[in-house]
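Structure first, then comments.
Coordinate-derived values only; no laboratory data. Quantities reported herein were computed from a predicted structural model and do not represent experimental measurements. Neighbour counts are summed over all protein chains in view; Cβ atoms, including those assigned to glycine, are modelled from backbone coordinates with ideal geometry.
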Amino acid sequence: MDEIVLRAMAKWPDVPAVYGWLALDRRGQWLLKGERIANPVITEFIGRNYGADPHGGWFFQNGPQRVYVRLAYTPVVLRLADTGALTTHCARPVFRLEAGWIDQNGVVLLDTEHGPAAVDDRDIEALSACFADPTGRSLDDDALLASIERLQAGQASGLTLHYQQQHLVLQPINSEEVPARLGFVTDPQPAAGENACR
């Protein structure tokens, strides 16, 4: 977090949290009351001060005030750079992948050192170059499509993601199960009796 944020938290430790104002869409765009935040200075500030609480609620620490984020799907959205490297929507490079899934809609989900993430749908075609069969061989278009369709149907297919010397066998998952299995809350709410802003 930014030093100015840490100082503000220390100076005003009991500022009520905010709920229902800030959201993250499926492509990693920040929304304030439903409107896209286009100013890069603001989005970079949010990204530098974005994290999770112990209960799986994700928030932006705005000075002394915690602003909880409503998630369209996952708390992190991944993009594929021209170099082939994955980065988060907060411009953090991804080095470690713990597990991977494809849901019934074809969304690629990855558990990273930055948290549970969905790959931006605009980058799936480029990411498909990293897919292989269980032996590490590249797949032609028909074989790749068949593997993805099996995962979408909830069946194991052996489809493997190769990324920076890491090899993940992708598993099927239903989108309804994602928050509970990956440990996050899509729409954080204040606890009973909590002094909060809405």
Subject >> Distribution of pairwise C-alpha distances over the stretch 58-198, 10 Å bins, in % >> reply: 11, 39, 31, 12, 6, 1
**OP:** Under 11 Å from the Cβ of Leu182, count the other residues' Cβ atoms, weight Lys and Arg +1, Asp and Glu -1, and hand me the total.
**Re:** -2
Subject >> GluC sites (Glu not before Pro) restricted to the stretch 77-127 and DSSP loop, no more than 14 other C-beta within 10 Å >> reply: Glu113
Original post:
Summing -39500 (n - 2.57) over the DSSP H runs of n ≥ 4 in the chain and dividing by its residue number, what mean residue ellipticity at 222 nm do you reach, to the nearest 500 deg cm²/dmol?
Top reply: -5000 deg cm²/dmol
**OP:** Could you tell me whether the stretch 116-198 comes out rounded, prolate or oblate from its Cα gyration tensor? Rule is a ≥ b ≥ c as square roots of the eigenvalues, rounded for a/c under 1.5, then prolate if a/b exceeds b/c, otherwise oblate.
**Re:** prolate
Subject >> Net charge contributed by nearby residues that have their C-beta within less than 9 Å of Leu22 (K/R +1, D/E -1) >> reply: +2
Original post:
Looking at the stretch 95-168, which trypsin sites (Lys or Arg not before Pro) are DSSP coil and have at most 10 other C-beta atoms within 10 Å of their C-beta?
Top reply: Arg137
Original post:
How far is the Cα center of the stretch 123-171 from the Cα center of the stretch 59-111, in Å?
Top reply: 20 Å
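Which value, in Å³ per residue, describes the convex hull spanned by the Cα atoms of the stretch 89-161?
Taking the convex hull of the Cα positions in the stretch 89-161, it is 97 Å³ per residue.
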Subject >> Cβ charges +1 (Lys, Arg) and -1 (Asp, Glu), total dipole of the chain, debye >> reply: 700 debye
Subject >> Antiparallel bridge percentage (DSSP; both residues within the chain; nearest 5) >> reply: 75 percent
**OP:** State the antiparallel share, in %, of DSSP beta bridges confined to the stretch 3-72, rounding to the nearest 5.
**Re:** 75 percent
Original post:
To one decimal place, what Kirkwood hydrodynamic radius in Å is obtained for the stretch 3-72 from all pairs of distinct Cα atoms?
Top reply: 12.5 Å
Original post:
What residues have an amide H closer than 5 Å to that of Gly57, excluding those fewer than 5 places away on the same chain, when H is modeled at 1.01 Å from N in the peptide plane?
Top reply: Val185
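Compute the signed sum of charges (Lys and Arg +1, Asp and Glu -1) over the other residues within less than 10 Å, Cβ to Cβ, of Gly106.
Result for the local shell: -3.
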Subject >> Cα gyration tensor shape for the stretch 1-132, rounded if a/c is under 1.5, else prolate or oblate >> reply: prolate
